[in-house]
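These notes are about the structure you will find just below.
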Amino acid sequence: MSVTMTHLQNNLQTAVTHLAQHPATAPLADRLNALQGRLTTGRFHLAVLGQFKRGKSTLLNAFLGEPLLPTGIVPVTAIPSLIVYGPTRQARIFFHEGAPKSVDLDQLAAYITEAANPHNQLGVARVEVQHPAPLLARGVALIDTPGIGSTLTHNTETTLDFLTEVDAALFLVSADPPLTAVELDFLQAVRQRVKRLFFLLNKVDYLTPDEQQESLRFLENTLRQQAALDGDLQIFPVSARLALEAQLRQDKNAWVDSGMAAVVARLEDFLQTEKQATLQTAIATKAGETIREALQLLHTERRALTMPLEELQQKRCAFQDALTAARRQRQQAADMLQGDQRRMVERINQLAAALRAEAERELWPVVATAVATTTNLDEAEELAQRRLADATETFFSARYAPFSQRLQTEVTTLFATYANQADALVNDLRRLAADLFVFEFVPLSPDEPPARLQTPYWTRSAIMGGLGLPISPNVWERMLPAATRKRRILNRVQPLVAALALRNTEHLRWAVVQNTQQALRQFQMHLDARWHETIEATAQVLETAVTQRQEHAAASAPSLAELDQFVDTLQTLAQALSGL
Ligand SMILES: Nc1nc2c(ncn2[C@@H]2O[C@H](COP(=O)(O)OP(=O)(O)OP(=O)(O)O)[C@@H](O)[C@H]2O)c(=O)[nH]1
Ligand SMILES: [Mg+2]
C-alpha cells in the first residue's frame, strides 16, 4: 500500500472518530465513513471476461499460483468470484437471500460450478475469496466470471449483469477457434460498460511461432475492423496453463516464457499510474470539504455559546425565518423535479415509439426484397427470416448507444439545473449563518451529483427472442401460383417484423426508464443528505445552544475548551488532507 494511501486512510479514520463523538457533526461522520468505504472497497475490480472455455479460471489460478478455481473442458464457472487480498485463504458465499456463509476453499466448487450448482439452484449471488497473492495486495480484486456464449445462456446473463461492477477487464480469446461473432457481440456490450480493456490471446502453447503471429495479426485486424477499436492495440499472447505450471514449479524463466510476466508488469503499471491516483485525489478533496463543513458548524456553536443570550435568540429567529422560506423553496424544487421526471418518461416513450416505427419501415423492405427476388420459393420463407434477423441486429446495434447517450445528456443537464439551485440555496443559508455568527464564509464547491445512466446492452437473444416461426411449406401451398405463394409467405412474415420491432424497442425503453428513475432517486437522496448535513445541522446547533444557555446562565468553560481543541484537531486534519 502506498504512503499516501496509508496517510489518507489514517486521516479519514481519525476524522470519523472525532466527528462521530460530537452531536452536531455526527451526520458528517457518516459522509466520511462512506468515503472511507469507497477507498477500501473502492477496490479496483479487474475481471477476466470471455467466451466459455477460453481459459479464464486457469488464468486466474496462474495469477494466484495454485489451482484454486475449478477448471475443465465443459462449461464450469457459473457464479462470479471476487478474489481479494487477505492473509488467510478462505471464501465467503453470499446468497440472494439469507446470511452469507464462510467455507474452506476446497468447498468452493460446490457453489460456483455448473455441475455442482446447476442453474444456480443454491441461489448464490457471488463469492468472495481471500488470498495472499501479491497482486491483490495492491487493492485490486480479480474476478472470475462465467463464460458467455455457451448453451447455458443463464451464464451469459450472469456475466452481463455483473459488468456494471467491473472497472477494467482482461478480455480473453484464443486461436482455436478464432474470435467468433458471439465474442464480438459480447465485446460491444463490454465496451459500453468497461472503459479499460486488455486483450489476451490464450493457449498459445498450441501454436507454432508462425501460427501465433498469424493469430495475433488476425485478432488485431478483426478488432480494428469489426469492433472499431483504434489507437495502440496491444494484445498479450499467453499460455495460462504453462504459467500455472511455472508458478507451481517456481520456475521464473517458464513464467516469463508463458507471457504472464509481461501481463503482470502491464497491470502493475496500470494500477500504479491510473487507478490509485484518481481515486485518492477525489476522496481527499471530498474529505477536506466535509471537514471544513464541520468547522463551520463548530464556529457557529462556539459563537452561540459565548454571545449574550438575548442576541443569540434574535439571531436564531433570523436564521429560522430564512430557513422556513428555504424549506418551502426546496419542496417546490422537489415537486418540479417529479414533474420533470414524468415528462422525461413520456419523452422516452415517444422516442421509443418513433424508433419502433422506423424499425418497421426499415425492416419490411428487407423481407419484401428477399421474397421478391428469390428463385427458390421453397426456401423463400427461411431466407426472409434470416435476412430479417440480420437486419434487425444491424438496426438495433447501431441505435442502442446513441439512444441512451441522448438521454444521458438530457438527464445530466436536468440534474445540473437542480443541483445549481440547491447549491445556491444551501450557500445562501450558510452565508447567513456566517454573517450572523461572524466568521469567514467559504462557499461549498459546486456539487457533482450522481447522474450516470447505465447504457443498456443489447443481446442477440433480445433481438431474435425465439420469434422464428416453423417453416414447412405444405404440399397444398406448393401447387399454388408463384405470386400467390409469395403473398402468403409475406403475410406470414409480416407479424414477425412488427414483433421484432416491438420487442427490441420495448427492451430498450424499459431499461432506459428504469435507469432514469434510479438516477433520479439517487439524485434526490443526494440533495437531501447535503441539506441535512449542513443546513438542518446548523439549525440544530442553534436550538441546542439556546437550550443549554437557558439551563446554565453562561456556557461552561470546559465545554468551550473542548470545542477549541476539537477545532484545532480538525484544522490539522484539513491541512493534512489538502497536502495529499
Ligand atoms: N493448452 C492449454 N489449455 C488451456 C490453457 N488455459 C486453459 N486451458 C484449458 O482449457 C480448458 C478450459 O479452461 P477453464 O479455465 O476452465 O476455462 P474458462 O474460460 O474458465 O471456462 P468457463 O468457466 O466454463 O467459462 C481447461 O481444460 C484448461 O486446462 C492454455 O493456456 N493452454
Ligand atoms: Mg471458468
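What follows draws every value from the coordinates through simple rules; no lab data is involved. All values reported here derive from a predicted model rather than from experimental measurement. Please note: Cβ atoms are built from the backbone with ideal geometry, for glycine as well, and neighbour counts cover all protein chains shown.
Brief remarks on what is shown
- Of all DSSP beta bridges in the chain, antiparallel share, percent nearest 5: 35
- Per-residue extension of 0.36 nm, minus the Cα-Cα distance of Ala125 and Val182, leaves a gain of 18.0 nm for this segment.
- Computed across the chain, the Kirkwood hydrodynamic radius from all distinct Cα-Cα pairs reaches 28.3 Å.
- In plain terms, the chain from Ala498 to Gln350 could stretch by 51.6 nm, reckoned as 0.36 nm per residue minus the Cα-Cα distance.
- Within the straight-line cut-off of under 14 Å between alpha carbons, the aspartates and glutamates reachable from Lys315 are Glu301, Asp435, Glu543, sequence neighbours fewer than 8 places apart in one chain being disregarded.
- Using θ = phi - 60° and Karplus 6.51 cos²θ - 1.76 cosθ + 1.60, couplings along the stretch 94-106 (whole Hz; Gly, Pro as x): 9, 9, 4, 10, x, 6, x, 9, 8, 9, 6, 4, 6
- Share of pairwise Cα separations in the stretch 94-197, more than 23 Å, in percent: 37
- Kirkwood Rh in Å, taken over the stretch 260-361 so that all alpha-carbon pairs contribute: 20.4
- For the residue pairs Lys195/Lys286; Lys53/Lys195; Lys56/Lys195, the C-alpha atoms sit no more than 28 angstrom apart in every case.
- Placing unit charges on each Cβ (+1 for Lys and Arg, -1 for Asp and Glu) gives the chain a dipole about its Cα centre, and among Met525, Leu297, Ala357 the Cα reaching farthest toward its positive end belongs to Ala357.
- When you restrict to C-alpha pairs under 8 Å that are six or more residues apart and normalise by the size of the stretch 43-258, the relative contact order lands at 26 percent.
- Here the relative contact order of the chain, from alpha carbon pairs under 8 Å that lie six or more residues apart, stands at 16 percent.
- One equal scatterer on each Cα of the stretch 218-314, no solvent, Debye formula: the resulting log10 I(q)/I(0) at q = 0.14 Å⁻¹ is -0.81.
- Rounded to 10°, Cα long-axis angle of helix 181-193 versus longest principal axis of the chain: 10
- Whole-Å distance, taken between Cα centres, linking the stretch 324-338 and the stretch 341-372: 38
- Calculated FRET efficiency, Asp390 to Gln522, Cβ-Cβ distance, R0 = 41 Å: about 0.60 to the nearest 0.05.
- Enclosed volume per residue, in Å³, of the convex hull spanned by Cα atoms of the stretch 308-578: 160
- Normalised by residue count, the stretch 43-258 yields a Cα convex hull volume of 123 Å³ per residue.
- Compared with the dominant principal axis of the Cα atoms in the chain, helix 276-306 is inclined by about 30°.
- When peptides 346-356, 518-528 are ranked by their average number of other Cβ atoms within 10 Å per residue, the highest-first order is 518-528, 346-356.
- Counted over all Cα-Cα pairs of the stretch 357-441, pairs farther apart than 17 Å make up 69 percent.
- Mean-position separation - Cα centroids, the stretch 417-447 and the stretch 1-53, in angstrom: 27
- Estimated distance in nm for a label pair at Asp435 and Arg217, the labels positioned 7 Å out from Cα along Cα-to-Cβ: 7.6
- Each Lys and Arg contributes +1 and each Asp and Glu -1, all at the Cβ; summed about the Cα centre of the stretch 308-578, the dipole is approximately 1920 debye.
- Inter-site label distance for Thr547 and Asp251 at 7 Å from Cα along Cβ, in nm: 7.4
- A full extension of the chain between Ala416 and Glu289 corresponds to an added length of 43.7 nm, given 0.36 nm per residue minus the alpha carbon distance.
- Degrees between helix 3-21 axis and first principal axis of the chain (Cα, 0 to 90, nearest 10): 50
- Take the Cα of His154, step 7 Å toward its Cβ, do the same at Val264, and the gap between the two points is 3.7 nm.
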